[in-house]
1. Taking the Cα atoms of the chain, report the difference between the largest and smallest coordinate on each principal axis, in whole Å and largest first.
2. By average Cβ neighbour count within 10 Å, what is the ranking of 48-57, 400-409 from highest down?
3. Taking just the alpha carbons, could you work out the radius of gyration and Dmax for the range 222-370, both in angstroms?
4. Using alpha carbon coordinates only, what is the Rg to Rh ratio of the range 110-262, with Rh defined as the Kirkwood radius?
5. Using 0.36 nm per residue of separation minus the Cα-Cα distance, give me the extension gain between residue 120 and residue 417 in nm, one decimal.
6. Using only the alpha carbons of the range 23-108, determine the length spanned along each of the three principal axes and report them from longest to shortest in whole angstroms.
7. Separation between the residue 238 and residue 339 pseudo-spin-labels, each 7 Å from Cα along Cα→Cβ, expressed in nm?
8. Give me the orientation-averaged projected area of the Cα convex hull of the range 8-218, in nm², one decimal.
Amino acid sequence: MPSAREPARALVARLAPVFTEFPGAARPAAVDGPLAWPGYGGQLARAEELTGERESVVCGLAEIGGVTAVVVAFEFGFLGGSLGTRTGALVEQAFTRARELGVPVVSLVATGGSRMQEGTLALMQLPRIARQIALTREAGLPHIAVLRDPTTGGGWATLGAGADVVLGLRGAQVGFAGSRVRPPGYSVTHQFAAGLVDQLVPPEELRPRLERWLRLLTTPLTGPAAVPPALGSATLPETGWDAVHRARAPGRPRATQYLAAYFDWHEPISGDRAGGVDPGVLCGFGHRGGVTVAYAAQDGTATRPAGFRTAARLVRLADRLGVPVLTLVDTPGAANDAAAEKAGAGAAIADMFTAVAEARVPVTTLLIGEGGSGGALAFAAPDRMWAAPDSYLAVISPELAAAILKRDPAQARRTADELRLRPQDLVELGVARGIARFDRPVDQATVG
């Protein structure tokens, strides 16, 4: 059975039926390297004899699931997959070739970090690789990283954590410090829990998962996403309080049901890449009718700062790759407890507003439940928002509005009408473009 420490060439052969290796970079003139490190030449020779490789990376053009991609695969058996000057040259060559061909990059990372026998020159490969990642990002090409065992040091801090989508093989050690620097135990599972890894993948499932991701990131829908059909009630609420009651009903369809009905299949991303995960925000990319739509969906809970940051990351990634975005709004509001304030709630909400405002791809929004103030509106496209019959959008909850303005919580029912928060009110006010249909999606291409 495949493991997280599978040899590079065996892993590439398992993932890609077609693989053409790029020519290698020239060997250094000095036998013992740029620092004349005693015995380094012998170490290189033994590493080559042990692995059959001439360097710690194998790079080439592969076909994975029918998608052509450049693959950078680390061989941990070659001096611990360490990054030396020649490694940096090979990685640079691979990313440059990807940009020339206009294809994605897949990094299969397994490294202990920079090669100490080459000193600071090895360390300088990190900004060199970071520059290649930045240029490839600027070119609008996706980069997927697979974290193998181990992924530490500069390899984690560049090719790993710097990728657009990060897949972690279960059982892998992942962290900036390796096991010889601190006691082992910090694993890919910890990184996933901290919002730094998008998915945990069993080694035997890597190929189909990678094939799905490559398809998703290379087949964007042209034009805006269709508005999903409504899944709940077919009738509109009579009063504002009815709208609030229906949106808060426990049995009302939630984002998970909308996503399952809308997509043929989809793959999630997870975490804000800054130490946080909000399980109440669902983000990722989905296939629908053979093309890709990105999604960011609130699932009915108060949205935490990590949720706003994860959604903003999704919107920016989709925008860079030319993938239209669907957002589903359903939250009583932004979390406002002490922990949320300390985690930067205001800045996170502002970041999501900015990501949607800056997006060049069309963003489509469906209000599917509660729309609590700015925490809900941050997920909404102001010019392309529809409402389901089981939804409402308000500047504040009717209870709080009654308590603040009338100093009488008993006035909440009447206040709900005065706030004009029903779906039909939102359409009349010009906030929403229409009510979601039940028989079929609303195709925005046909909407004026």
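Every read-out reported here was derived from the displayed coordinates using simple, explicitly stated rules and does not represent laboratory data. These figures come from a predicted structure and were not determined experimentally. Please note: Cβ atoms are built from the backbone with ideal geometry, for glycine as well, and neighbour counts cover all protein chains shown.
1. 84, 45, 37
2. Final packing ranking: 48-57, 400-409.
3. When restricted to the Cα atoms of the range 222-370, Rg and Dmax are 15.3, 44 Å.
4. Result: Rg/Rh = 1.16.
5. 100.1 nm
6. Reported extents, whole Å, longest axis first: 45, 23, 17.
7. Rounded to a tenth, the inter-label distance reads 4.2 nm.
8. Its average projected convex-hull area is 10.9 nm².
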